Amino acid sequence: MKDINWNEYSLETQAIRAGHRRTHEDEHSMPIFATSSYVFDSAEEAALRFTGQKAGNIYSRFTNPTVNAFQERLALMEKGERCLAFASGMAAIMAVGMGLLKAGDHVVCSRSVFGNTVLMFQNYFGKFGVETDFVELTDLAAWESAIKPNTRFLFLETPSNPLIEIADIERIAAIAHNHGCLLVVDNVFCTPVLQKPLALGADIVVHSATKYIDGQGRCVGGAVVASEELIEKHIYPYLRTGGSTMSPFNAWVFLSGLETLAVRMKAHCDSAFELAKWLEQQPGVAKVHYPGLTSHAQHELARRQQAHFGAVVSFELNGGKEQAWRLIDSTKMLSITANLGDVKTTITHPASTTHGRLAPEVRAAAGIKDGLVRVSVGLENIDDIKNDLLRGLES
Ligand SMILES: Cc1ncc(COP(=O)(O)O)c(C=O)c1O
């Protein structure tokens with residue numbers, strides 16, 4: 001196989017070709033290496049591989065060629081030095097915390113992150129003596145004033161879920177670095193096709209590959225992308241010991257997901273923009289949250305920071321939970337599921353699903369009202385999506 005420097009290629013090409021090292025069988029498509037362990041030519045070679053003095057596979061908890069191909073491809077697309085794959089997006093976030101934090105450390109986290117991320121920092125890292133303060137995503141002064149001498153990292157999601165607020169990655173990275181902290185960005189909603197946080201100054205990117213990277217709602221997986229130093233010193237040792245590994249089958253599905261990611265994201269975003277503009281015109285809709293709309297508070301920032309505005313649209317109904325549930329139940333085609341990033345359009349009521357386990361006051365502080373509905377816009381014909389929602393809105 002020819003030696004190619006994939007850094008010289010564009011994201012669309014990297015997404016299709018990078019990471020696959022063809023074997024002696026000359027296969028065109030990446031194979032699934034369904035093997036838990038690997039054999040060595042001698043006892044000495046085994047010892048050299050275990051100590052890291054010689055490169056090569058050892059055991060699939062931490063080295064597998066299919067998983068490696070996924071890692072190499074995603075690292076290139078995110079413009080990061082190295083990527084590690086995990087069993088889920090939450091496992092990736094857990095690995096960042098386990099790798100970097102110790103008892104007595106402090107984290108500053110956006111209030112508008114995925115509900116389980118809040119629980120992870122508050123309940124689980126909290127249990128082991130790590131304190132977390134939650135701040136308003138878009139309030140730069142709040143980020144700065146929440147930092148303490150023992151703050152290890154700042155954590156945010158942009159756009160946020162489910163209110164689609166946009167954080168200024170460049171400015172928050174500068175705040176973090178001025179205080180000797182790292183910035184971790186959850187890039188699930190944008191993927192590297194729309195936004196590259198590392199190029200904007202973030203230190204670590206986390207992914208739930210379960211969403212757009214798969215794209216067809218089949219597998220659960222996650223990833224961490226960062227510098228060689230951060231991965232080698234802090235994240236890889238945890239993966240090797242903790243074992244929250246991505247399976248080769250899932251890596252194979254995610255590799256083919258990456259191949260179509262750029263074209264899918266463009267189509268998703270075009271439909272979401274059209275739907276958001278249409279929803280703004282509908283009686284009964286009190287507010288539409290979509291950064292492509294000029295009514296969105298961070299419209300200009302989104303235009304600057306992202307290649308497109310994303311594919312998740314949230315809207316508030318006049319009324320509360322009863323109206324939101326009635327609308328959701330009146331749709332026929334849309335999938336009532338909390339997942340997002342699928343070719344199938346999904347609809348959910350965040351206050352009683354993704355954010356339902358949060359205390360009501362935490363949910364209220366995050367601005368998640370009972371009348372809020374979130375739609376992850378899929379690739380069906382946009383008129384069919386509108387008609388399904390219209391049935392719900394008329395109800
Ligand atoms: C923004 C975001 N981050 C992280 C996760 C967690 O990912 P996973 O479900 O793959 O564990 C999710 C899941 O919904 C998410 O929406």
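What to note about this one:
- Candidate aspartates and glutamates for bridging to Lys332, where Cα separation is under 13 Å - those fewer than 8 sequence places away on the same chain excluded: Asp384, Asp388
- Selected from Asn381, Asn123, Asn250 as most flexible by GNM, with the chain as the system and alpha-carbon contacts under 10 Å: Asn381
- Förster radius 41 Å - calculated FRET efficiency between Thr260 and Asn178, Cβ distance, rounded to 0.05: 0.55
- Solvent-accessible heavy-atom area per residue, rounded to whole Å², over the chain at 1.4 Å: 43
- The protection proxy used here, the mean number of other Cβ atoms lying within 10 Å of each residue, ranks peptides 112-122, 170-180, 208-218 as follows, highest first: 208-218, 112-122, 170-180.
- Pairwise FRET efficiency - Ala141 versus Glu322, Cβ, R0 = 51 Å, nearest 0.05: 0.85
- Under-5 Å amide H pairs with Asp186, H placed in peptide plane, nonlocal only: Leu156, Glu157, Thr158, Val206
- Over 25 Å between alpha carbons, listed pairs Lys196/Lys266; Lys79/Lys233; Lys211/Lys386: none
- Overall form of segment 73-138 per C-alpha gyration tensor (a/c, 1.5; a/b vs b/c): prolate
- Per-residue [θ]222 nm for the chain (sum of -39500 (n - 2.57) over DSSP H runs n ≥ 4, rounded to 500): -10500 deg cm²/dmol
- Inter-label distance, nm, simple model (7 Å from Cα along the C-beta direction), Ile336/Lys102: 5.0
- C-alpha center-to-center spacing [segment 88-123, segment 38-62] in angstrom: 33
- Over all distinct Cα-Cα pairs of the chain, the Kirkwood formula returns a hydrodynamic radius of 21.8 Å.
- Only aspartates and glutamates eight or more places from Lys321 in sequence, or on another chain, were considered; those with a Cα closer than 13 Å are Asp329, Asp370.
- Using every pair of separate Cα atoms, the Kirkwood estimate puts the hydrodynamic radius of segment 262-394 at 15.0 angstrom.
- Nitroxide proxy distance, nm - points 7 Å out along Cα→Cβ at Ala364 and Phe50: 5.8
- Of the residues Pro197, Val263, Gly284, the one whose Cα sits farthest towards the positive end of the charge dipole of the chain is Gly284 (charges of +1 on Lys and Arg Cβ, -1 on Asp and Glu Cβ, taken about the Cα centre).
- Rounded, prolate or oblate (a/c below 1.5 giving rounded, otherwise prolate when a/b exceeds b/c) for segment 99-170 by Cα gyration tensor: oblate
The values are calculated or read from the model by the stated rules, or taken from the named source; none is laboratory data. All values reported here derive from a predicted model rather than from experimental measurement. Glycine gets a Cβ as well: all are built from the backbone with ideal geometry, and neighbour counts include every protein chain shown. To get the accessible areas, we keep the full protein, side chains included, count just its heavy atoms, and leave off ligands, DNA and RNA. Shrake-Rupley method; radii C 1.70, N 1.55, O 1.52, S 1.80 Å.
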